[in-house]
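See structure below.
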Amino acid sequence: MYYLAGADGKNGVTPNIGDNGNWWVNGEDTGIPATGKDGQNGKSGESGHTPEITIGSNGNWFIDGVDTGKPSRGEQGEPGEEGGTPVITIGTNGNWFINGEDTGMPLAR
């Protein structure tokens with residue numbers, strides 16, 4: 001394939017926005033504003049409705065008196081392991097210890 005090559009062209013001019021807010025090209029004010037005019041305000045919206053959310057006697061969530069069919073509480077989980085009472089002491093360094101571990105917190109601040 002053969003390609004024809006032409007002469008290099010001149011660098012173009014980048015328009016800019018002048019201090020007066022108009023487009024400028026080649027150092028000349030075009031008189032065209034770079035930003036548009038403000039539009040008209042829209043119509044006011046209607047007042048919204050705040051729904052009344054309650055828990056019905058069946059334990060479900062109700063919205064505006066309508067049962068959603070969704071329970072307000074989850075199912076009862078399995079019992080956890082018996083917890084122990086922590087042993088809290090003050091170490092020789094003056095810090096609180098819980099179950100023999102230094103908390104890094106001093107007794108007095």
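The values are calculated or read from the model by the stated rules, or taken from the named source; none is laboratory data. Values in this document were obtained by computation on a predicted structure and should not be read as measured data. Using ideal geometry, Cβ is built from the backbone for each residue, glycine included, and neighbour counts are taken over all protein chains shown.
Summary table below
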| quantity | calculated |
| --- | --- |
| Failed criterion for D29 (all others in (1) in contact with a Pro (Cβ under 9 Å, 6 or more places away or on another chain); (2) surrounded by 11 or more Cβ atoms within 10 Å (Cβ to Cβ); (3) charged (D, E, K, R) hold) | (1) |
| Long-range neighbours under 6 Å by Cβ, at least six apart or interchain, first residue outside any strand (DSSP E or B) within region 27-40, second at pLDDT below 90 | none |
| Qualifying positions in region 67-77 - surrounded by 11 or more Cβ atoms within 10 Å (Cβ to Cβ), part of a strand (DSSP E or B) and not charged (D, E, K, R) | T68, P71 |
| Out of E52, E46, sole residue that is in contact with a strand residue (DSSP E or B) (Cβ under 8 Å, 6 or more places away or on another chain), under 30 Å from D67 (Cα atoms) and exposed (fewer than 10 other Cβ atoms within 10 Å of the Cβ) | E52 |
| Residue pairs meeting the criteria (Cβ under 7 Å; at least 6 apart or on separate chains; first farther than 11 Å from A108 by Cβ, in region 85-96; second of a type in the set (D, E, K, R)) | G91/D102 |
| Test result for N60, touching a Ser or Thr at 6+ places or on another chain (Cβ under 8 Å) and not hydrophobic (A, V, I, L, M, F, W, C) | yes |
| Among (1) surrounded by 10 or more Cβ atoms within 10 Å (Cβ to Cβ); (2) within 30 Å of P106 (Cβ to Cβ); (3) hydrophobic (A, V, I, L, M, F, W, C) - the single one W61 does not satisfy | (2) |
